[in-house]
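Pasting a structure below so you can have a look.
Every number here is computed from the coordinates shown, using simple stated rules; none is lab data. Just so it is clear, the model here is predicted, and its values are computed rather than measured. Positions of Cβ are generated from backbone atoms using ideal geometry, with glycine treated the same way; all protein chains shown enter the neighbour counts.
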Amino acid sequence: MPKALVVDDSRTIRRILSATLGELGFDVCQAGNGREALETVERERGADSISLALVDWNMPEMNGLDFVRGLRADPRNAAMLVVMVTTETAMDQMVAALEAGANEYVMKPFTREVIQDKLRLLGVAL
């Protein structure tokens, strides 16, 4: 079973995204900010390491953009797919996220179908 990480400071959003990913066949873990997320990625490293992360931009301690930069700084994380799921809608922010290493970008509010469509675009088997 593929493993996914949901990173958002909103417990409600984490629950919604986790339920969606669970229905799509993922084993899901959660983090409330980028720092926790980097620790989780390291802790879960191994045979069944995290292959997908859905990440909010605006979070305390470490935001989503800094998480993506930190994640991509370690070549062991090169294959992990990252989808930013955020309220940030400015084109320059979208570009910054993609340049930092995000693979896709979803604007809140989102639907289950939007998440599924983005995962299909990334070639994730559903």
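Can you give me the long-range amide H partners of residue 30? Hydrogens built in the peptide plane at 1.01 Å from N, cutoff under 5 Å, separation of 5 or more residues or another chain.
6
Between residue 116 and residue 87, what is 0.36 nm times their sequence separation minus the Cα-Cα distance? Round to one decimal in nm. Don't skip to the answer; put the middle values down first.
Working: separation 29, 0.36 × 29 = 10.44 nm, distance 1.83 nm.
Here the segment from residue 116 to residue 87 would lengthen by 8.6 nm.
Towards the positive end of the charge dipole of segment 3-121, with charges on Cβ (+1 Lys, Arg; -1 Asp, Glu), say which of 80, 60, 24 has the farthest Cα.
In segment 3-121, that residue is 24.
Taking square-rooted eigenvalues a ≥ b ≥ c of the alpha carbon gyration tensor, is segment 3-121 rounded, prolate or oblate, where a/c under 1.5 means rounded and, failing that, a/b exceeding b/c means prolate?
On the way: a/c = 1.31, a/b = 1.05, b/c = 1.25.
It comes out rounded by the Cα gyration axes.
Among 34, 25, 101, determine the one that fluctuates most according to a GNM of the chain built with springs between C-alpha atoms less than 10 Å apart.
Fluctuation is largest for 25.
Please compute the net charge surrounding residue 108, taking Lys and Arg as +1 and Asp and Glu as -1 over other residues with Cβ under 10 Å from its Cβ.
Values: positive: none; negative: 8, 56, 88.
With Lys, Arg at +1 and Asp, Glu at -1, the net is -3.
Note down the magnitude of the dipole of segment 3-121 about its Cα centre, charges +1 on Lys and Arg C-beta and -1 on Asp and Glu C-beta and zero elsewhere, to the nearest 20 debye.
Values: 14 positive and 19 negative charges, 41 e Å.
Using only the charged Cβ atoms, the result is roughly 200 debye.
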